[in-house]
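These notes are about the structure you will find just below.
The values are calculated or read from the model by the stated rules, or taken from the named source; none is laboratory data. Just so we're clear, the structure is a prediction, and the values are computed from it rather than from any experiment. Cβ placement follows ideal geometry from the backbone for every residue including glycine, while neighbour counts extend to all protein chains displayed. Surface areas here come from the heavy atoms of the whole protein model, side chains and all, with no ligands, DNA or RNA. Shrake-Rupley method; radii C 1.70, N 1.55, O 1.52, S 1.80 Å.
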Amino acid sequence: MLQRVACQLLQASRLAAPTMGNQVIRGLSAVPQPAEDADSGPSTSGGRSGVIEKKGIALRGVPLYLDMQATTPMDPRVIDAMLPYMTEQFGNPHSRTHLYGWESEEAVEDARKQIAGLIGADPKEIIFTSGATESNNTAIKGVAGYFKDKKKHVITTQTEHKCVLDSCRWLQQRGWDVTYLPVRPDGLLDLAQLEAAIRPDTALVSVMAVNNEIGVVQPMDEIGELCRKRGVYFHTDGAQAVGKIPVDVNKSKIDLMSISGHKIYGPKGIGALYVRRRPRVRLEALMSGGGQERGLRSGTVPTPLVVGLGAACAVAAREMESDLAHVRRLEERLRTGITSRLQGVHLNGPADLARRYPGNLNLSFAYVEGESLIMGLKEIAVSSGSACTSASLEPSYVLRALGVEEELAHTSIRYGMGRFTTDAEVDRAIDMTVSHVNKLREMSPLWEMVQEGVDLKSIQWAQH
């Protein structure tokens with residue numbers, strides 16, 4: 001709570017965002033004003049005074065940040081923990097002959113314990129990587145590499161992160177069979193379909209714990225129980241789950257789990273892979289070298305980043321309950337604030353918050369043009385899908401897998417709330433979203449027809 005208050009005070013003192021050369025002075029967020037309202041005059045960046053110009057967009061003030069599934073700001077306590085290992089305690093943790101190496105090694109092992117404690121694991125089961133993408137690649141390709149002479153089948157879902165899907169396609173190019181299971185309209189996996197898909201030569205089932213686009217929480221305990229009963233490894237991409245909702249690798253019988261630092265208020269460039277020791281999980285290393293990390297991930301372990309990940313996990317373990325209550329309250333405020341003032345708003349993902357992480361709210365807005373909507377909301381840092389694919393004008397493959405109509409999928413907005421999101425930011429986001437959707441609908445002939453009672457699905461459109 002004290003950290004949240006401190007960040008709110010920082011934001012309040014920096015609502016205006018003057019520029020200094022190409023640098024923008026700002027806190028975590030601001031209340032922006034449209035550039036059209038800005039006073040004209042010279043600025044240090046060659047434009048109007050105090051106006052931020054990036055990617056052809058001009059704003060006065062930094063946009064509100066509601067994209068916590070893409071990345072999170074580093075918690076100040078994480079930065080404090082990291083700083084000594086960037087300055088005077090800079091030793092290589094693999095140097096065994098002097099104090100600099102000893103203290104770095106001790107810090108790395110302490111961080112390993114903090115990460116293990118968050119997920120109910122043994123510290124020896126934590127392997128440090130560069131992030132969840134590397135962890136996912138190592139888990140899927142590593143297991144397949146070890147069992148290549150015995151097994152030839154992997155199961156995943158159609159709504160996984162792109163790095164999981166691409167790793168599975170990589171296996172297909174090398175002779176593996178991959179089953180991409182569909183999901184229900186709410187994003188949940190059908191356990192009966194999963195059980196039917198498992199074969200004697202199935203090596204691995206990979207299912208994301210919390211989806212990055214719609215926040216659906218998969219039934220981890222049931223999936224783990226099924227995989228253990230059938231003698232198949234269970235891997236989960238836990239990047240959006242670890243530190244946000246309770247995760248217990250033993251309770252859920254998880255064999256491998258990918259973890260990301262920058263999704264839980266830690267640094268970028270660091271992650272971890274949980275690899276179960278009992279029953280022992282076998283996999284091949286993807287990188288050759290000095291044999292660090294139990295021989296599974298060669299390369300010098302980056303002590304400052306590892307310490308940051310450990311500190312982020314320690315904070316998450318202490319504050320998960322209050323963080324969850326905070327984002328649950330903000331989600332209800334944002335969702336009801338928008339839906340009470342707009343018609344034709346569709347929730348993508350489960351309505352039941354027991355099956356959806358509340359910090360992820362994905363809404364589609366009917367009868368507006370998708371690209372115009374996202375361009376008009378540049379004063380809010382939100383996403384139209386995954387940060388890995390949102391540059392594409394194609395509708396989200398996750399929403400398509402849910403059966404969302406293409407027109408609605410094009411107008412989806414993902415609002416991501418977190419530890420430092422404030423009520424004022426949510427209220428501002430409601431006002432800007434409602435205002436811009438109404439503005440676009442005023443220009444839409446389809447909206448006018450709907451208001452007149454016309455059923456658009458009954459119209460046969462002529463092609464020219």
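Which of the residues that make up region 178-234 are more than 20 Å from SER167 (Cα to Cα) and among the small types (Gly, Ala, Ser)?
Residues satisfying the conditions are GLY187, ALA192, ALA196, GLY215, GLY224, GLY231.
Can you find a residue that is more than 18 Å from ILE127 (Cβ to Cβ), in a helix (DSSP H, G or I) and not assigned by the TED database to the domain that holds GLY120 anywhere in region 338-346?
Yes, region 338-346 contains at least one residue that is more than 18 Å from ILE127 (Cβ to Cβ), in a helix (DSSP H, G or I) and not assigned by the TED database to the domain that holds GLY120.
Could you please tell me which pairs satisfy a Cβ distance under 7 Å, a separation of 6+ or placement on different chains, a first residue in region 70-97 that is charged (D, E, K, R), and a second residue that is at pLDDT 95 or above?
Within 7 Å, the pairs are ASP75/TYR265; ASP75/ALA312; ASP75/VAL315; ARG77/ALA311; ARG77/VAL315.
Quick check on LYS152: is it under 30 Å from CYS227 (Cβ atoms), surrounded by fewer than 24 Cβ atoms within 10 Å (Cβ to Cβ) and touching a residue at least 60 places away in the same chain (Cβ under 8 Å)?
No: the conditions fail for LYS152.
Return only the number of the condition from (1) more than 30 Å from ARG335 (Cβ to Cβ); (2) in a helix (DSSP H, G or I) that LYS150 does not satisfy.
(2)
Which of (1) free of Cβ contacts under 8 Å to residues at least 40 places away in the same chain; (2) not basic (Lys, Arg); (3) not in a loop (DSSP other than H, G, I, E, B) does LEU273 not meet, given it meets every other one?
The single condition LEU273 does not satisfy is (1).
Taking the condition of being surrounded by 16 or more Cβ atoms within 10 Å (Cβ to Cβ) and part of a loop (DSSP other than H, G, I, E, B), how many residues in region 300-322 meet it?
Total satisfying the criteria: 2.
For region 158-170, which positions are in contact with a strand residue (DSSP E or B) (Cβ under 6 Å, 6 or more places away or on another chain) and either without any contact (Cβ under 8 Å) to a residue 60 or more places away in the chain or assigned by the TED database to the domain that holds SER396 (or both)?
Listed by number, the list holds a single entry, CYS168.
Within the bounds of region 278-291, is there any residue that is closer than 27 Å to SER206 by Cβ, of a type in the set (Ser, Thr, Tyr), open to solvent by 40 Å² or more (accessible area, probe 1.4 Å) and assigned to a loop (DSSP other than H, G, I, E, B)?
Yes; the residues of region 278-291 include at least one that is closer than 27 Å to SER206 by Cβ, of a type in the set (Ser, Thr, Tyr), open to solvent by 40 Å² or more (accessible area, probe 1.4 Å) and assigned to a loop (DSSP other than H, G, I, E, B).
Considering region 405-435 alone, what residues qualify as being open to solvent by 10 Å² or more (accessible area, probe 1.4 Å), at pLDDT below 95 and not acidic (Asp, Glu)?
Across region 405-435, the qualifying residues are LEU408, HIS410.
What are the pairs, 6+ residues apart or on separate chains, where a residue within region 406-421 that is touching a residue at least 24 places away in the same chain (Cβ under 8 Å) and farther than 14 Å from SER372 by Cβ has its Cβ under 8 Å from a residue that is among the acidic types (Asp, Glu) and open to solvent by 10 Å² or more (accessible area, probe 1.4 Å)?
Taking only residues 6 or more apart or on different chains, the pairs are ARG414/ASP67; GLY416/ASP67; GLY418/ASP323; ARG419/GLU319; ARG419/ASP323.
Check every one of the strands (runs of 3 or more DSSP E) wholly within region 26-140 and list those with 1 or more residues that are at pLDDT below 95 and outside the structural domain of ALA241 (by the TED database).
52-54, 57-60
Of everything in region 369-392 that's among the aliphatic types (A, V, I, L, M), open to solvent by 20 Å² or more (accessible area, probe 1.4 Å) and within 12 Å of SER412 (Cα to Cα), which residue is modelled with the highest pLDDT?
VAL382
What number of residues within region 178-196 are exposed (fewer than 15 other Cβ atoms within 10 Å of the Cβ), in contact with a strand residue (DSSP E or B) (Cβ under 9 Å, 6 or more places away or on another chain) and touching a residue at least 24 places away in the same chain (Cβ under 8 Å)? It would help to see each step written out before you state the result.
Taking region 178-196 and keeping what is exposed (fewer than 15 other Cβ atoms within 10 Å of the Cβ), we get 182, 184-185, 190-192, 195-196.
Retained after the next criterion (residues that are in contact with a strand residue (DSSP E or B) (Cβ under 9 Å, 6 or more places away or on another chain)): 182, 190.
In the following step, the residues that additionally are touching a residue at least 24 places away in the same chain (Cβ under 8 Å) were identified as 182.
Residues flagged as exposed (fewer than 15 other Cβ atoms within 10 Å of the Cβ), in contact with a strand residue (DSSP E or B) (Cβ under 9 Å, 6 or more places away or on another chain) and touching a residue at least 24 places away in the same chain (Cβ under 8 Å) within region 178-196 amount to 1.
So which strands (runs of 3 or more DSSP E) stay within region 162-252 end to end and still have 3 or more residues that are farther than 27 Å from ILE115 by Cβ? Talk me through it step by step, then tell me what you get.
Numbers: elements: 177-181, 202-206, 233-237.
Here the list reads 177-181.
Look at ILE223 and say whether it is surrounded by 21 or more Cβ atoms within 10 Å (Cβ to Cβ) and in the same structural domain as CYS168 (by the TED database).
Yes; evaluated as a whole, the condition is true for this residue.
Which residues, taken from region 323-344, are of a type in the set (Val, Ile, Thr) and open to solvent by 30 Å² or more (accessible area, probe 1.4 Å)? First the steps, then the outcome.
Restricting attention to region 323-344, the residues satisfying the condition of being of a type in the set (Val, Ile, Thr) are 327, 336, 338-339.
Passing the criteria: THR336, THR339.
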